[in-house]
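Okay, so here's the structure we're looking at.
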There are 2 protein chains.
Amino acid sequence: MDMKTPVQKVNRKTQSGSPFAYDGLSRVIHERARLGVLTCLVTHSRGMPFPEMKKLCALTDGNLNRHLQVLVEAQLVCLVKGPERERPQTFYRISALGRKRYLEYLAVLEQVILDGAPAARTVPEKSPEL
Amino acid sequence: MDMKTPVQKVNRKTQSGSPFAYDGLSRVIHERARLGVLTCLVTHSRGMPFPEMKKLCALTDGNLNRHLQVLVEAQLVCLVKGPERERPQTFYRISALGRKRYLEYLAVLEQVILDGAPAARTVPEKSPEL
């Protein structure tokens, strides 16, 4: 995978002189637990039941419920019925919109890394005492 | 820059079966505005005065103040006196600890991208209707 170029062109606030605003880091996706949930769902495109997701994301029932509610309300995640007819189970699945927004979000994350990583790896001339 | 390999090895919750927990996304750094501020400061290792930072990060006085306070309390950012003797100005500078924590944080971000990007770029067999 070529990670040298961002997933897609990022709309940066360069024209207004604010390259570190990172407006594209959508608050719905950026929240740590929701970022984990969405990454989990994007890698399991057929969907996933609540208990499995809870385990893979290390979240409590209450937390996962709350974050799923936000994601469903934003139409990034949808509910689907599982394949087992005898014991029907609700699956959560990332929506087409969710996939699109997630990709846009990743593009900004990649931009953050491109901006910060080279400088962070360089030891400054005069290192602060802290 | 080689972005195919993470900045450093990430301590993932794979042993406990929670690969999407992303515990390493420190809440102090992950908050969007603070991530912008730290990325700004890491790329300006000599430090930066408040007004310039405010502009580059597109933050209000109140917001930048609040976020800097959190970063200073966490010892990720420190205050230094500027070089101009006649008009002394306070500069904010990323600390050695801040640089270390920022690099650790970036390593987890890179892991998120490595986990999510390949799947997100693949169109699923049965695309949800949303």
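The values are calculated or read from the model by the stated rules, or taken from the named source; none is laboratory data. Everything numeric here is computed off the predicted structure, so don't read it as measured data. Glycine also receives a Cβ, built like all others from the backbone with ideal geometry; neighbour counts cover every protein chain displayed.
The table below lists the values:
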{"quantity": "Which numbered condition B:Gly116 misses (of (1) among the small types (Gly, Ala, Ser); (2) closer than 18 Å to A:Gly116 by Cβ; (3) at pLDDT 95 or above)", "calculated": "(2)"}
{"quantity": "Residues of the stretch A:77-112 satisfying the condition of being basic (Lys, Arg), in a strand (DSSP E or B) and at pLDDT 95 or above", "calculated": "A:Arg93"}
{"quantity": "Filtered residue count, the stretch B:27-52, keeping only those that are within 30 Å of A:Lys54 (Cα to Cα) and either more than 9 Å from every other protein chain (Cβ to nearest Cβ) or part of a strand (DSSP E or B) (or both)", "calculated": "3"}
{"quantity": "Residues (more than 7 Å from chain B (Cβ to nearest Cβ) and part of a loop (DSSP other than H, G, I, E, B)) located in the stretch A:53-72", "calculated": "A:Leu59, A:Thr60"}
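Residues are listed down the side, and each one gets a yes or a no for (1) on the phi < 0 side of the Ramachandran plot; (2) out of contact with any His (no Cβ under 9 Å at 6 or more places or on another chain); (3) surrounded by fewer than 21 Cβ atoms within 10 Å (Cβ to Cβ):
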| residue | (1), (2), (3) |
| --- | --- |
| A:His30 | yes, no, yes |
| A:Cys40 | yes, yes, no |
| A:Met53 | yes, no, no |
| A:Leu59 | yes, no, no |
| A:Cys78 | yes, yes, yes |
| A:Tyr92 | yes, yes, no |
| A:Asp115 | yes, yes, yes |
